[in-house]
Each structure stands twice: as C-alpha cells, then as structure tokens.
Amino acid sequence: MKRLVFRPVALMFAFMAMAMSACGQSDGTNDKKEMENSMIRLSIEGGRSFTATLADNSSARALKELLAKGDITIHMEDYANMEKVGSLGRSLPRNDRPTMTSAGDLILYQGHNLVIYYDTNSWNFTRLGRIEGVTGEELLAALGRGDVTVTLSAVADNE
C-alpha cells in the first residue's frame, strides 16, 4: 500500500522538477547556476558601495548594455519597510516569474523600476541580480530609512 502512495508522489515531484527546469525557473537555491560573471557596482550616497552579480537573462543583459554607455543614477524611495524602489528612466525587457526575494536581491519591477530588497517579498518579478554577502540589516544601514540616491555603474571584467 505504501508503494502505491509513494510512487504517485515521487512522480509528481519528478515531473515538477522537470517542468521547472524546462521553463528555466528556479527556486532560488542555486543562484550560482543562474548568475553569470557580469558584475555591477551600486554606489549609495554617503559613501557605501556594493557589487552585484547580474542574472543570466535579457533584462540583466539590457541593463549591462545601458551601463556600458555610462552610469545610471536613481532616486529611490523606501517601500513597505522591505525595499528601495526607483525608476530607471527607461524600460528593460521583462522576464517576470514567481519570485521569493531576500536581502540583496536586485529586481526589475514593471519593466522600468529597480528594486533593492533588504527584506523578503514574493511576487511576479524579473530578477536582475544579487548583492552577495550582505545582510538585510547591513543594507538598511547603508540605504537608510528614507529616500536615497543610488548610482549604478559597470564593473570591468578584470576588477
């Protein structure tokens, strides 16, 4: 009897894993495979800066192309005590999918807003990249509680 119950459940999980793989979706636990070797710098008013690894999607590639032409400065506002959000001033391709964010995630929202998460959220987003090795508390301390200006710049491959 146990085998009859186990097999359908095991088959269901195997099918879900194959479907997620075929659709290019991830549960976020294997970010290293999803990220390419493209880095950007985020310079926050007040002197702090972070580097982020860009995701391997058309949105992140479009952002990298923009940054190759020059820095982008974004006025960002705090939203819901979990993120900073500001307009890029232009639209990028969207690759929205159900996403669970965590501190350090860089997200494209509605095609033209950059979001830096310092807490968690779940929604249909486009992942642009991730700041590694930083906690939500560290990000919040750097970004502050109110509005902030953040400048994005390209990082040379040899940096």
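Readers should treat all values here as calculations from the given coordinates under stated rules, not as data from a laboratory. Just so we're clear, the structure is a prediction, and the values are computed from it rather than from any experiment. All Cβ positions, even for glycine, are placed from backbone atoms using ideal geometry, and neighbour counts span all protein chains on display.
Here are the numbers for the structure shown:
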| read-out | value |
| --- | --- |
| Farthest toward positive dipole pole in the stretch 59-123 [+1 Lys/Arg, -1 Asp/Glu at C-beta], among Leu67, Thr101, Tyr117 | Leu67 |
| Where the Cα pairs of the stretch 32-154 fall when distances are cut into 5 Å bins, in % | 2, 12, 24, 29, 21, 10, 1 |
| Separation in nanometres of the label points that stand 7 Å from Cα toward Cβ, at Ala156 and Trp123 | 3.8 |
| Along principal axes, Cα extents of the stretch 82-159, largest first, whole Å | 32, 30, 24 |
